[in-house]
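Single-structure report; data block below.
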Amino acid sequence: MVAGWDRMTPQERRRYTGLFVDWMQREIPGCRVAFKDDPPETIVWWHRVSHFFARLVSPDYDKRFTTVIYPVIYLPVGTRESWSAQPERFYGTLRHEFVHLKDFQRFGVWMGASYLALLPAFWTMRAFWELRGYAQNMIFLRESAGSVPDEQIDRLVEIFGGRDYIFMMSPRSRARRALEALRARVLSGELSGPYPYGPLDHAPPEVEDAAP
Ligand SMILES: [Zn+2]
């Protein structure tokens, strides 16, 4: 759908990102991009409670991670200006987070509970949802650069097998096998588009829609 990202001008990428956000909002009613340091009165109470507990678990929660709490995407503290000046820099992130939103829309409480539970039995389930999210990072690389370099796999092995997500896929050798298998499915074209796991209600925007 956005094959050719690398050939688009910054203005075209910016327009396309705007169209993508509009499309997400049609697909996920109530979806919006917000920030973790938004004024509390603009954040619904149960999102504030979720942020509170997440901050206890992860000291990096505010500054490093983008978080989805249905149907809102919360970008990290300190990103407000770059989002308004260069939203296209967040396009890959939006692709990832959209999958979480769509999964939550489809699987609801089951997805939420299995994602959040910190019991060892659920780590694998969490990794299952994150593999769907990070597949989008790979699909986006394939769409833009035509490949998914080894360095990306190395980076993702750390994310899946390290402490960022509480060792959700451990040991690292297991994470590497899963990620390499995922890369093969992306490069073969078996997985493509913004949501390869089920039907979408609206067609995503085309690259041409962002042309001047
Ligand atoms: Zn994710």
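The values are calculated or read from the model by the stated rules, or taken from the named source; none is laboratory data. Remember, it's a predicted structure, so these values are computed and weren't measured experimentally. Cβ sites come from the backbone with ideal geometry, for glycine too, and all protein chains shown count toward neighbours.
Annotations
- Filtering ARG142, ARG177 for residues that are more than 16 Å from the ligand (Cβ to nearest atom), outside any loop (DSSP other than H, G, I, E, B) and either modelled with pLDDT of 95 or more or touching a Lys or Arg at 6+ places or on another chain (Cβ under 7 Å) (or both) leaves a single hit, ARG177.
- Within the stretch 41-83, the set of residues being at pLDDT 95 or above, in a helix (DSSP H, G or I) and under 28 Å from ASP201 (Cα atoms) comprises TRP83 only.
- Flag for PRO71 being under 14 Å from the mean Cα position of the chain (by Cα) and more than 22 Å from ILE139 (Cα to Cα): yes
- Test: residue in the stretch 154-163 that is basic (Lys, Arg) and under 19 Å from the mean Cα position of the chain (by Cα): yes
- If you go through the stretch 56-78 and pick out every residue that is out of contact with any Lys or Arg (no Cβ under 9 Å at 6 or more places or on another chain) and away from the ligand (no atom under 16 Å from the Cβ), you end up with 2.
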